[in-house]
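Values in this text are rule-based calculations from the coordinates and carry no lab data. Note that this is a predicted model, so its numbers are computed, not measured. Cβ placement follows ideal geometry from the backbone for every residue including glycine, while neighbour counts extend to all protein chains displayed.
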């Protein structure tokens, strides 16, 4: 068992940004992501002292966040198209590079948003959150082979979509 009080403060500060980013990428709406993240930490606060294995803390946290995000997704179905702001994660050397990088990030985020939630989630957990296949398996409840297969399909779909968008853009 993990000690409550101070441990929760440590967990909150360590994971608050990652949990929000994960929820935001799944939900594509800042207020919904904030709601999911907040509810995640409420549940963590209530249950942290019941966690038996501290080694599985990260997977446990993302499992809770996943459940909260998918609860919101189910509530919003059919999903409205929500505008999203892209995060700028690139070093920019000049104004042209800045524009090109922003456009690319927007295209990737757009394509990521077009994936079905289960595939979007797998890519987010692997590429953005850098979880292992085993941790993703714990978070999603899918087998490791299903995680690997799903990631393969998601990456292939992203590659095809990005290639078609970029080819279309270059023809203009």
Spin-label pair residue 38/residue 16, simplified geometry with 7 Å Cα→Cβ offset, distance in nm:
1.3
What nm value, rounded to one decimal, do you get for the distance between residue 105 and residue 46 when each label is placed 7 Å out toward the C-beta?
3.6
